[in-house]
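These notes concern the structure reproduced below.
What follows is calculated from the coordinates using simple rules that are stated; it is not laboratory data. Quick caveat, the model's predicted, so the values are computed rather than measured. Note: ideal-geometry Cβ built from the backbone for every residue, glycine included; neighbour counts use all protein chains shown.
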Amino acid sequence: MKFLNQLKWKQVLAVFAGVAVAGSVMAVSVDMSREAIADRIKPSAKVRLAGAEVAQANGAAAQEGERSGEAVYNQACAACHTSGVLNAPRRNNADDWEARIAQGMDVLLEHSINGFNAMPPRGTCMNCSDDEILAAIEYMIEDI
């Protein structure tokens, strides 16, 4: 209060006017369009939850149609199952598949989906549906 008494009212009004002008100049220089604002506040990263990719991929596969066992094999399985990497059973090799087939197709499918020994879940084909995994297994053993 003492400070205000010492200043003349014209000086006080001039200071407030200067602040108001400076504020309006700053507002004019910033793009306030929806696109500009959205760009300024967009997230810098995305969060991905484990398993979300599989659910999304299964939905996408259902819309696009199922891939053949051969297509899935060539995309995801051939890297290991062609040469037998880490004891992976080779395609159409009866000796490699005999003990596994004896356990039944349900066990083969379960191991393929959930992973078993050195085989990762879904053989790293996280966008393959269960039916596509089954088709790939059937493709690998079709000539045995």
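Some observations on this one:
- Residue within region 96-118 that is of a type in the set (Phe, Trp, Tyr), crowded, with 16+ Cβ neighbours inside 10 Å and over 27 Å from the mean Cα position of the chain (by Cα) present: yes
- Those residues of region 68-102 which are touching a residue at least 24 places away in the same chain (Cβ under 8 Å) and hydroxyl-bearing (Ser, Thr, Tyr), in sequence order: Ser68, Tyr73
- Scanning region 110-144 for residues being under 15 Å from Tyr73 (Cβ atoms) and in a helix (DSSP H, G or I) gives a total of 15.
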